[in-house]
Structure formats: structure tokens, C-alpha cells
Amino acid sequence: MSLAPFISKRPWLVKMLQPLAQMYVNQAGYRKMGLRTDDLISEENETVLKALSRLPPRESYDRIYRIRRAQQLSMQHKILPKAEWTKPEEDVEYLGPILREVEAEEKERAALDTLTIAKKH
Amino acid sequence: MISRSALTRGSQLALRSQGAAKLAQRGFAAVASPKASYEPTTVAGIKVASRDDQGPTTHLAVVAKAGTRYEPLPGLTVGLEAFAFKNTKKRSALRIVREAELLGGQLAAYHTREALVLQASFLREDLPYFTELLAEVITQTRYTTHEFHEEVESVIHAKQAKIGADAIALDAAHSVAFHTGLGAPLYPTPSTPIASYLNENSVAQYADAVYNRADIAVVADGASEGALSKWIEPFFKELPSQSPDPLDSAASKYRGGEVRIPKTGSSALVIAFPGSALGASQPETAVLIGLLGGESGIKWSPGFTILSKATAANPGAHAKATNYAYSDAGLLTIEITGSASAVRKVAEESIKALKSVVDGSVSKEDLVKAIAKAKFDLLSGSETAGVGLVHAGANLIHGGKPLQVLETIKALESVTAEKLKTVAKALLDGKASVGAVGDLHVLPFAEDLGLRV
């Protein structure tokens, strides 16, 4: 149950709520550990695993590097120096589109599997 | 996969339809006139050949000039074949397959040395759906990276695993006979390096170069011309009229040579000579094939042709003579497969028998049998949906002139033992192309058989 779709459809609302959104992201703190939003997606399910297998090799390598660096920082109870925090321009989604494609494929397969034929006569 | 021997029968196929109406009416055995043959027309700049027997099913195919002869890099033709009916911009591969299944249709993609065929077989009333589908497949396939890794690569590996010594030997004979073009392997073996050439981007580029109005033909067996012209025009609108990057193909030149490949398992030996091309008037080749024979049309009888007698004396080997007819060249082959020692003996005996043909010892009975077989192969070729389809399409894309079947029959009947002797002598005196695959310790060299390479 999310207001995100409602808000995304109205650009004036997006602009209005942007500062609040930025405050939330900064408070969440994942950027201070060098992570991007898509790194946080839980990978313990088949859909995400399939999407990860479709990542280009370079993206996959970078993702693993960021996660390992963040794990090290978490163990040390440290954060990165401010210069190395993820910048907002860098924090674009790379896994989201692939994940949505995989979800759409699975949905289509489920729909086709439960198809009922309506006879014309 | 269509049988290679069909290439000989289809060579003189595309007739002007004379007997369609008569055939529909005849109720009892009349003098044999060929079944309604493909009518070539042009619809919206696309070459179309159609034939209608008023049956309940239709076979519709797009035949593209994208066989292994035309591929700029190894593996592109098989990659394009494996990418057929995958995700397009409008619908997913799963949807295509499920919808075709719901309609009771069958989809197939296969290639020969000169053509790539995307074929759909379905009930007659589904023509609009499958015309749209074929047009979508050739213009709008997405060629995605994940499909290449998840589906195309695994399919190609699976097909490569099924390649046997006979296919490798035939490819070897073609490669020494023609070098590039027709000499490219029909299917790359697992040890052929194609990984650096084959990826989704190179396949997409190849598709752009190959799918255009100039290089494809649409062939329909079982659809009316009116229906075809109605549905082809709107669906094939997006097809470009010219290739942005036309693929050049040099004229084939026969060279000859010998190649020997070690392999475990059964052995194969292919002895090839220059044969007759599609549309070339060389009836002696067809009669020579009938004389050599190999495969009997009669069950439980090996037959009494030259190769049949050789294999009957040496159980453990199978032999077959074929003429592979291409648009500008042909290859007359004797293919022998089996255990290495039996293959060796059969090869020696068949070359001895061929030399006896040159010495003029062809009996009248053998000549009559050979001519009858050649006539039957020619006439029966037009009756099979699969074979005739590819040849009608191949004829159109290569701009070949249709040969008159009746004239060819007359030419076949006028072949004499003397003409056969001349042709056989020319073959044996010229350079042969020999491919030996298997146990090389046993398989003979071309020189041992008495052939020039």
C-alpha cells in the first residue's frame, strides 16, 4: 500500500515533496556507505536472482564491490569520508528496469497458464 | 530438416501452372501431368510464390537469402535461425508459442547452404495471423542479450552435439570443393571457434542486412493468391526495400582437394565431383546418380545399383549418391558411412565400378533403371510440401529461370551409355574433393582410390 504511484503521476506533487524525499534518503544513510538504491533490493528470491543474472558484467562487478565495501564499513562501524559518498546523480536505478521486465514475464506466463478459452458458439 | 537429396528434385520445379484446374476435375488416372506448381508473382515489391490445392492446411514460409553461403562471419546463419520466433517489440516469445499452439499451428526455422527458411504450418483460416507473425519476426525481433545467453547459445550447443561423422565429412568435401561461400560448414562443429563472431549484436546486424524486399521471398502452399495479396501488403509494409549493407557473394568456383579429420565413433567418407547446378541442363548427372544409387526405394531390398551392390557385399556401411544443386554450382557426392574398414572397401568398389562405367560396360537394363529413377525423383520432388517450398523460394531469391519439366524429362530419356561414359570420364579425370572423417589409420587417401586431387 504505497502513495508512490499516486505521487509520481503528478509532477507538481513530486516537486513539492522532493525536499522531504531528499531528507529521508540522507537520513537512511546508505549513500554514506557508498551504496545505491538498487543495491538494497533483497536478492533472496527467484525473480531478483534472474534479474541479477541478466545484469551486464560491468554493472554486476561494480555492485558486488559496493556491497562488499559497505559490509566492511558496517563491521567497522564506520562510514565513508564525505567525498566518497554516493552522489545523487550517480544513484540511478540499474536493476529496476530489468526486474520489472522479469516480473512482467512471470506475470504473463502465469496469465497464459491460467487461460480460459471462451467459445464463440 | 529436409533431406539433402531433395535439392536435386527441386531444381527444375517452378512451372507455369497448367494443370491445376484439370487436376481438380480428373477422376481417374490420366497421363501424368505435374501437380499444380508454384506461381511466382510480386506483391508490394515482395516476391511471392503460391500454390493452392484447396486443402484444409496452409504452409507459409519466408525464404531469405541468408544461408551459410552468405554469412559474413561464421555462425551468423545458425544464430539467426536460433533467434527466430524470440521476443519481438510487440510480444514475447512465450506468447508467440502459446498463441500458435492455441491455433494448432507449427513454427519452424531451418537453413540450407543458400537459404534461411522461417516456416509456419496452420489451418487455412489462420492465414492473417501467421502472415503478421512472420512479418513481425523478420522486422521486429529484439535480439536481446539475455535471450542469447539463456536460449540461443544452449540450443546451438545442443544441435552441435548431434553432428555426426557424415555431416562433418560432407562439410569437409564442400570446403575443399568451394573454399568460401558454398564451402562454409552447414553447421559449425563444437570445435569451430564462433564465440568471437557470434553475439546478439552481430546477429542483429546480419538480420538487418538480410531481411529486406530484395533478398526474401514469401512462399505459400495452400493459400489463394487473393488472400495472400490482401494480407502480405499491410503486414510487410515495414520491411525495407534494400539492404543497408548488401552482402556480396562471389560466383562459386570448383577447386577440389582432400581433407582428413580424425574422429572417434563411426567413420565417413565423402567423394565429390563437380555436379549440375539448379537450372543447368545436365541430365547425365541425374542419370549417373540413378546409376550409382545407394538408397533403395523398396523396403527390405538393398537394390541393385552400384553402391547398393557394394554395401551389400560389405555390411557395416551405408552409401548414397546425391547431386547437391545450388544456384550456380553443383556437387555430385558419394557419401559412405559406417565402420572404417567397410567404408574403405565400399569406396574402393564404387570407384572401380565408376571406372567400369567409363570403360563402357553399362548394361541397357541398368541405364533404363537409372533414367527411370531420375525421372521419378524429378517429378516426385514437386509433390512434397516441405521440399517444393524451399525450392520455389530459393528459385525466386536467386532469380533463376524455371526449367520446363517436360523438356527435362525428354532430355533424361535421351541419355545414352556413350554420353554417360563421357561425363563419368570427365569426372574421374578432373579433380575430386574427398573428405575422410573417422579412423584415419584405415580410411584410404584419395590417391589410393585412384582419384586426382
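The values are calculated or read from the model by the stated rules, or taken from the named source; none is laboratory data. From a predicted model like this one, the values you see are computed outputs, not experimental measurements. We place every Cβ from the backbone using ideal geometry, glycine too, and count neighbours over all the protein chains shown.
Points worth noting:
- Selection of first residues in the range B:359-383 that are touching a residue at least 24 places away in the same chain (Cβ under 8 Å) and of second residues that are of a type outside the set (Asp, Glu) and outside any helix (DSSP H, G or I), restricted to Cβ pairs under 6 Å at least 6 apart or on distinct chains, gives the following pairs, ordered by first then second residue: B:382/B:13; B:382/B:34; B:382/B:35; B:382/B:37; B:383/B:35.
- In the range A:106-121, the residues that are within 12 Å of chain B (Cβ to nearest Cβ) and within 20 Å of residue B:93 (Cα to Cα) form Cβ pairs under 8 Å with partners that are modelled with pLDDT of 90 or more and part of a loop (DSSP other than H, G, I, E, B), at six or more places apart or across chains, as follows: A:108/B:92.
- Some residue of the range B:307-315 being surrounded by fewer than 21 Cβ atoms within 10 Å (Cβ to Cβ) and closer than 27 Å to residue B:189 by Cβ: no
- Search result, residues across the range B:93-128 that are away from chain A (no Cβ under 14 Å), surrounded by fewer than 21 Cβ atoms within 10 Å (Cβ to Cβ) and in a loop (DSSP other than H, G, I, E, B): B:105
- Test result for residue A:73, more than 14 Å from chain B (Cβ to nearest Cβ), part of a loop (DSSP other than H, G, I, E, B), touching a helix residue (DSSP H, G or I) at 6+ places or on another chain (Cβ under 8 Å) and at pLDDT 95 or above: no
- The residues of the range A:33-61 that are more than 14 Å from every other protein chain (Cβ to nearest Cβ), part of a helix (DSSP H, G or I) and touching a Phe, Trp or Tyr at 6+ places or on another chain (Cβ under 9 Å), listed by number, are A:33, A:37, A:38, A:39, A:40.
- Where a residue in the range B:323-340 is farther than 15 Å from residue B:184 by Cβ and its partner, wherever it lies, is among the basic types (Lys, Arg) and assigned to a strand (DSSP E or B), with Cβ under 9 Å and at least six apart: B:333/B:320; B:334/B:320; B:335/B:320; B:336/B:320; B:337/B:320
- So residue B:169, is it more than 13 Å from chain A (Cβ to nearest Cβ), crowded, with 22+ Cβ neighbours inside 10 Å and touching a helix residue (DSSP H, G or I) at 6+ places or on another chain (Cβ under 8 Å): no
- The condition (being surrounded by fewer than 21 Cβ atoms within 10 Å (Cβ to Cβ), of a type outside the set (Asp, Glu) and at positive phi) is satisfied by just one residue among B:157, B:149, B:179: B:179.
- Residue list for the range B:145-191, filter: part of a loop (DSSP other than H, G, I, E, B) and over 13 Å from residue B:79 (Cβ atoms): B:162, B:163, B:164, B:179, B:180, B:184, B:185, B:186, B:189, B:190, B:191
- Selection from the range A:91-105 of residues that are more than 11 Å from chain B (Cβ to nearest Cβ) and of a type outside the set (A, V, I, L, M): A:91, A:93, A:94, A:96, A:97, A:100, A:103
- Test: residue in the range B:80-92 that is more than 14 Å from chain A (Cβ to nearest Cβ), over 27 Å from residue A:111 (Cβ atoms), assigned to a helix (DSSP H, G or I) and touching a helix residue (DSSP H, G or I) at 6+ places or on another chain (Cβ under 6 Å): yes
- Qualifying positions in the range A:88-114 - of a type in the set (Ser, Thr, Tyr) and more than 29 Å from residue A:29 (Cβ to Cβ): A:114
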